Amino acid sequence: MHRSKLEIAISPCPNDVFIFSGILLQKIESSIDFELHFYDIEELNRFALKGSYPVIKASFAILKELSKTYQILDTGSALGFGTGPIVVAKSLPYPHRPKVGLPGEHTTANLLFKSFFPEEYDEVFLPFYEIIPKLLEGRIDLGVLIHEGRFVYEGYGLKLVFDLGLLWEEKHKLPLPLGGMFVKRALPTEFKKEVLNSIKESLEFAKNNWAEVLPLLKKRAQELDEETIKKHVETFVNHYTESLGQEGVLAIKRLAQYQGLVDDELKDLFWGPDNGCP
């Protein structure tokens, strides 16, 4: 059998590593030889904007730029209720025109903060794992936390200012779309089917083999405590990760409106069982 090679770029965060652990541990059968690359989410976004990888994890905040080159795979997304970025401070009240640490210019966290924070502020873009240290050092006044940050900030004595995900949920009554797996439109249909099925099988393996997967998650995670890693996976890997479904698709389209996109511009954006793929 001819074997194809495929490079995929994802984040080192527990939810992404969990989804791809069956592939990483070579526990699934596929005609594709996968090569995984790991980058911070903002690095991933910049690679996606350049079209650097055939399959890549990227923020839904850059749908407008990606929609002509990529489609969203039905499996592998991070969206849900209680999953959104949170804004925290070392001390309250925070200064007028605060310095705000944001985890990347092209992230959904940045898009939401701009949408829901009406005050004037000075933005400081940082890798997500540097935001808590910079807050503790007093170099920024507010920090927008993603990934593991929402589970550990209280342990650092930080105070919750507001929850961006909750603001989204209250306004739209929909899960918050954070990021998803994007596949290049130009790839052959049969190849995309194999990619999608392989990711599905990889996720299914992970769900049934926590003990085998945990060392892989710890190797890449910023927070090594098993309970924190488990909370991260349980929060960000859910039924929307397995399949977007109608509600997930609607939520992504609603976020696309924040970027000035209309439904006609989102044709053939979603690639999966409900969109012509068996």
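The values are calculated or read from the model by the stated rules, or taken from the named source; none is laboratory data. These figures come from a predicted structure and were not determined experimentally. Every residue, glycine among them, receives a Cβ derived from its backbone with ideal geometry; neighbour counts consider all protein chains shown. To get the accessible areas, we keep the full protein, side chains included, count just its heavy atoms, and leave off ligands, DNA and RNA. Shrake-Rupley method; radii C 1.70, N 1.55, O 1.52, S 1.80 Å.
Per 5 Å bin, what is the whole-percent P(r) computed from every C-alpha pair distance within segment 174-278?
Per 5 Å bin, starting at 0, the Cα pair percentages come out as 2, 9, 18, 19, 18, 15, 12, 6, 2, 0.
Given the convex hull over the Cα atoms of segment 1-100, what projected area results after averaging over all orientations, in nm²?
Details: hull surface 37.5 nm².
Mean shadow area of the hull around the Cα atoms is 9.4 nm².
What are the residues whose amide H is under 5 Å from the amide H of Tyr70, where those residues sit 5 or more places off or on another chain and H is modelled from the backbone?
For Tyr70, whose amide H was placed from the backbone, the distant partners under 5 Å are Arg185.
From the backbone phi of segment 129-137, what are the Karplus-calculated ³J(HN,Hα) couplings (6.51 cos²θ - 1.76 cosθ + 1.60, θ = phi - 60°) in whole Hz, Gly and Pro given as x?
Taking θ as phi minus 60°, the curve returns 7, 9, 5, 4, x, 5, 5, 5, 7 Hz for segment 129-137.
For the peptides 226-238, 195-207, what is the packing order when you average, over each peptide's residues, the other Cβ atoms within 10 Å and list the highest mean first? Kindly include the intermediate steps, with their values, before the conclusion.
Details: 226-238: 18.5, 195-207: 20.6.
Output ranking for 226-238, 195-207: 195-207, 226-238.
When the helix-only estimate is applied to the chain (DSSP H runs of n ≥ 4, each -39,500 (n - 2.57), divided by the residue count), what is the mean residue ellipticity at 222 nm, nearest 500 deg cm²/dmol? Provide the component values of the computation, followed by the final result.
Values: 13 runs with 113 residues, N = 278.
Helices in the chain give a 222 nm mean residue ellipticity of -11500 deg cm²/dmol.
Over 24 Å between C-alpha atoms is what I'm after, so list which of Lys57/Lys171; Lys57/Lys207; Lys114/Lys159; Lys114/Lys173; Lys114/Lys253; Lys57/Lys200 land there.
On the way: Lys57/Lys171 26 Å; Lys57/Lys207 20 Å; Lys114/Lys159 20 Å; Lys114/Lys173 20 Å; Lys114/Lys253 18 Å; Lys57/Lys200 15 Å.
In this structure, Lys57/Lys171 exceed 24 Å between Cα atoms.
Over all directions, average the projected area of the Cα convex hull of the chain and note it in nm². Intermediate values should be presented prior to the final figure.
Working: hull surface 56.5 nm².
Spelled out: convex hull of the Cα atoms, projected over all directions, averaged, 14.1 nm².
Tell me, what is the 1.4 Å probe accessible area of Leu250, in Å² to the nearest 10?
Looks like 80 Å² after rounding.
Counting other Cβ atoms within 10 Å, which trypsin sites (Lys or Arg not before Pro) in segment 21-85 have at most 12 and lie in a DSSP loop?
Details: sites: Lys27, Arg46, Lys50, Lys57, Lys64, Lys68; in loops: Lys27, Lys68.
Sites meeting the loop and neighbour criteria: Lys68.
If you roll a 1.4 Å probe over the heavy atoms of the protein chains, what accessible area per residue do you get for segment 6-153, in Å²? Working shown, then result.
Working: 5500 Å² over 148 residues.
For segment 6-153, the solvent-accessible area averages 37 Å² per residue.
In percent, how large is the relative contact order of the chain, given Cα pairs closer than 8 Å and 6 or more residues apart? Before the final figure, lay out each step's value.
Values: 519 pairs, mean separation 86.0, N = 278.
Relative contact order here is 31 percent.
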